[in-house]
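I have placed the structure first, in the form of structure tokens, so that the comments after it can refer back to it.
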Amino acid sequence: MPLHLIKLCVGPRTIEDLLARQDAYRSEALRTGTDPAPFHTTRMIPKRHREIVGAGSIYWVIKGTLSCRQGITAIEPFTSTDGIARCRLVFDPRLVPVSPRSYRPFQGWRYLTAKDAPADLDAAGAGDLAEMPEALRRELVSLGLL
């Protein structure tokens, strides 16, 4: 069973903002000849990384709502120019909206088991929720109605 990570998405206010930011980084990477895959750099390497890579996803909390996920394709440890060990989480470029859930702020990332992970909105049975605008889903979650 895959293991996932959950992380606060700082900056973007919507899934579309996150996609636009990643697209801008991808365009710059293609222009400069570097790897265009979306990624996030963190200090700590997940101890359970073998359970995550290739099968797990990162679930993004945007403005207090668990909103979407991206598959994790690689976890690459490296040493930065300042000599500090870091880790690059490399993602599939596709952002998948998930059934929204309110989430309190936290630092770093957390593990999320497959049984606790929200369903994708494009999954069978999502119904009208998948058609609803993201802002409306977020508002309903903040009111405790979803």
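Just so it is clear, none of the values below were taken in a lab; they were calculated from the coordinates. Quick caveat: nothing in here was measured; it's all calculated off a predicted structure. Note that each Cβ is placed from the backbone with ideal geometry, even for glycine, and that neighbours are counted across all protein chains shown.
Quick look at the numbers
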item: In order through segment 68-78: 3J(HN,Hα) via Karplus (6.51 cos²θ - 1.76 cosθ + 1.60), integer Hz, x for Gly, Pro; result: 7, 9, 9, x, 9, 9, 7, 10, 10, x, 7
item: Interchain or long-range residues, amide H under 5 Å from Phe39's placed H; result: Phe91
item: Hz values of 3J(HN,Hα) by residue in segment 13-19 - Karplus curve (6.51, -1.76, 1.60), Gly and Pro given as x; result: 9, 8, 4, 4, 5, 4, 4
item: Sequence-separation-based contact order of segment 3-142, relative, with Cα cut under 8 Å and 6+ spacing, percent; result: 28
item: Peptide ranges 44-54, 72-82 listed from the most packed, as the mean C-beta count within 10 angstrom indicates; result: 44-54, 72-82
item: Sequence-distant residues sharing a close amide H with Lys63 (under 5 Å, placed H); result: Cys9
item: Amide H contacts of Arg101 (H built 1.01 Å from N, under 5 Å, at least 5 apart or other chain); result: Leu66
item: The chain: calculated mean residue ellipticity at 222 nm from DSSP helix runs of at least 4, using -39500 (n - 2.57); result: -6500 deg cm²/dmol
item: 22 Å Cα-Cα reach of Lys63 towards lysines, excluding residues that sit fewer than 8 places from it in its own chain; result: Lys7
item: Value of relative contact order over segment 1-56, rounded to a whole percent, pairs C-alpha under 8 Å and six or more apart; result: 54
item: Shape category assigned to segment 1-105 from the gyration tensor of Cα positions, a/c cut at 1.5; result: oblate
